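The values are calculated or read from the model by the stated rules, or taken from the named source; none is laboratory data. Everything numeric in this text was worked out from a predicted model, so none of it was measured. All Cβ positions, glycine included, derive from the backbone under ideal geometry; neighbour counts span all protein chains shown.
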Amino acid sequence: MENKLIIIAYAIYLPIALLLTFYVAKTLFKNAKVFMLEIFHGKEEIALATNRLFEIGFYLMNFGFALLILKINVSEYNPFETTQKLIETLSYKIGGFSIYLGVMLFFNLLLFFRGRRKANQPKPIIRTAIG
Amino acid sequence: MTYNIISYIIYIIITIYITVVVGYKCYKSGYIYVLSIFIEEEISVAINKILLLGYYLTNIGYVITIISKWKTINTGYEMINELSIRIASILFLLAVMHYLNMIVLTFWRKSIINKI
């Protein structure tokens, strides 16, 4: 028994979730460049590389989560038959994913703040055997 | 088209419009606060943009998620009732979060000024 509505739901959900992730990551890491430059004291090469690495991690994690929550369970209690049900399920999935993305965004921002604070602290004096 | 679908459409249009407009206004006038906390201009522009994006994601996400919890609506009278309650609760939530934000910003700013 193939349920056409489920295929439609997947076809709507996947592009929205993936494009949303793409857009958020692009905006976040375009703005994160300033942070990275400050954390690495203006050394451009390593700052851009770190930024790129963070971006890859963000993509991996969020694409993974988006695919993980894709499945729609159909049972006797939850027959997936009406358009209303389709809208409700989609809203729950897309909205939940959006909130998750927001939390991840703030988490990344927190990491940047932390890095910036650490970078601006005066370095402790390291005692060497010669000194 | 049942009553539920119609009310979903009305609800989404109104709440997303409100969320976007409120966010944009706060983004515009909150910039000075962010600037006074972080001092450097370049970094405060970046922070302000990321904050706006985070606000949009969490709030619009919440607004959309709530749709799945509605009851079945049978008459136009029920539709108006349900719509007004739902939209009002979103407005209240936004107001409370806005005030909390302002309190946090004020205290943060005070502590930074005291430090200097």
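Assorted remarks:
- Comparison of B:Ile16, B:Ile39, B:Ile64 shows that the only residue that is more than 9 Å from chain A (Cβ to nearest Cβ) and in contact (Cβ under 8 Å) with a residue 12 or more places away in the chain is B:Ile16.
- Meets criteria (more than 13 Å from every other protein chain (Cβ to nearest Cβ) and either under 30 Å from B:Thr2 (Cβ atoms) or small (Gly, Ala, Ser) (or both)) for A:Ser98: no
- Residue in region B:21-32 that is modelled with pLDDT under 90 and within 11 Å of chain A (Cβ to nearest Cβ) present: no
- Residue check for B:Tyr11: within 18 Å of the chain's Cα centre (by Cα), assigned to a helix (DSSP H, G or I) and without any contact (Cβ under 8 Å) to a residue 60 or more places away in the chain: no
- Taken over region B:67-86, the residue count meeting the criterion of being within 14 Å of B:Ile5 (Cα to Cα), more than 10 Å from chain A (Cβ to nearest Cβ), without any contact (Cβ under 8 Å) to a residue 60 or more places away in the chain and assigned to a helix (DSSP H, G or I) is 1.
- Among the residues making up region A:33-79, a single one is more than 13 Å from every other protein chain (Cβ to nearest Cβ), touching a helix residue (DSSP H, G or I) at 6+ places or on another chain (Cβ under 6 Å) and assigned to a loop (DSSP other than H, G, I, E, B): A:Phe40.
- The residues on offer are B:Leu35, B:Leu57, and the sole one that is of a type in the set (A, V, I, L, M, F, W, C), over 12 Å from A:Asn31 (Cα atoms), more than 15 Å from the chain's Cα centre (by Cα) and assigned to a helix (DSSP H, G or I) is B:Leu35.
- Test: residue in region B:101-110 that is assigned to a helix (DSSP H, G or I) and under 22 Å from A:Ile94 (Cα atoms): no
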